[in-house]
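Throughout, read-outs are computed from the coordinates displayed, never taken from laboratory work. These figures come from a predicted structure and were not determined experimentally. Cβ atoms come from the backbone with ideal geometry, glycine included; neighbour counts cover every protein chain shown.
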Amino acid sequence: MTRRRPIYVESRIRAPMEALWAATQEPGQHQRWDVRFGSIEYLPLVAGEPQRFTYATRVAPGVVVAGTGESLGDRDRADGSRWSGLRYWADDKRSLIEAGAGYWRYVPTEDGIRFLTRYDYRTRWGALGETVDRRIFRPLFGWATAWSFDRLRLWLEQGLPPERARDQAIAHAAAVAGLSGVWLYQGLVPKLWRVDPGEVSIWQRFGMSESRARTAVRTAGAAEVLLGAMTIVGARHRWPFAATALAMPVLTAAAATTDRSLFARAFNPASLNWAMTALAAVALATHDGRPSGRLPLRTAPDRQPDVGDLP
């Protein structure tokens, strides 16, 4: 089997070493911020043997995959850095990961601690498993690791509980999906595809001919599609949501000027624009302080130790 490139994630965390160590080494704290694990439990320690633990992950509603791991040892070094390695395996045939190994490193710097991980694993299911891993699972698993590292950073640096960070991220993603979905639908379906007669009649009230009014409807639809796409692409910025919040009252006033009877219909401009304004407000309120999978490094800036042989 061809060995894939190990997953690497690094985050700079400005927190005391002991606080970072506890948050990553104690199972009760670890499972709070690491989205890859639903539960982690230490098994009774046997003298002369590595510390073993069990883990479980919910991969789908009602489907939980469990596995076992063991700590390879924790080391304090003369330069003040720390290291923790582990091996893990899953006998559950539903698990794509058959066995893996990796480590965490804690390297003090002038502006915090370089907290990094490097790990690799062996897949099951033959060629199918390798393809699923290469195209879907490994990129997703790497992103989940980076997102979790940033959630840990927010917890230790800003005191934002991991559960609240998760809820904030979900609320922001839902607001972005709602706004972009409405913009895209309103632009594509009633304007570009159907060229809704009601939309055409609004422009005709400004003295346009029918052909020019249809062109105006399509132009407005293209602008809405563009704004929907920019809401997704530019979600890391605040301006798409601020633009929507400012545009909604203007569009509502324009609709009232052309035909007030519109406001007596179901799903009229007033109700739709009010809902979009509310979604924009939620997106703005949840924009800052949420975890991001883009912030941690995904490529080592210097040489890192090999992961080692897989179990």
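Points worth noting:
- For the stretch 147-232: rounded, prolate or oblate by the Cα gyration tensor [a/c cutoff 1.5]: prolate
- Take the Cβ atoms of residue 209 and residue 272, set R0 to 45 Å, and the FRET efficiency comes out at 0.95.
- The calculated 222 nm mean residue ellipticity attributable to helices in the chain amounts to -14500 deg cm²/dmol, summing -39500 (n - 2.57) over DSSP H runs of n ≥ 4 and dividing by all residues.
- Its Cα centre serving as origin, the stretch 167-285 has a Cβ charge dipole (Lys and Arg +1, Asp and Glu -1) of approximately 200 debye.
- With contacts taken as Cα pairs under 8 Å and at least 6 residues apart, the chain reaches a relative contact order of 22 percent.
- Most fluctuating residue given options 291, 139, 108, as computed from a GNM of the chain linking Cα atoms under 10 Å: 139
- P(r) for the chain, from all Cα pairs and a bin width of 20 Å, is 26, 42, 24, 7, 0 %, short bins first.
- When the chain is treated as a GNM with alpha-carbon contacts under 10 Å, the residue of 212, 164, 82 showing the greatest mean-square fluctuation is 212.
- For the chain, built as a Gaussian network whose Cα springs stay under 10 Å, the top-fluctuating residue of 216, 165, 245: 216
- For the stretch 167-285, diffusion coefficient by Stokes-Einstein and Kirkwood Rh (Cα), 10 °C, 1.306 mPa s, µm²/s: 107
- Three-way shape call for the stretch 91-176 based on the alpha-carbon gyration tensor, with the a/c threshold at 1.5: oblate
- Seen through its C-alpha gyration tensor, with square-root eigenvalues sorted a ≥ b ≥ c, the stretch 1-154 comes out prolate because a/c lies at 1.5 or above while a/b is bigger than b/c.
- Binned Cα-Cα distance frequencies in the stretch 1-80 - 10 Å width, integer %: 14, 36, 37, 13, 1
- Shown here for the stretch 246-311: chymotrypsin sites (Phe, Trp or Tyr not before Pro) in loop regions (DSSP other than H, G, I, E, B) with at most 15 other Cβ atoms within 10 Å, namely 267.
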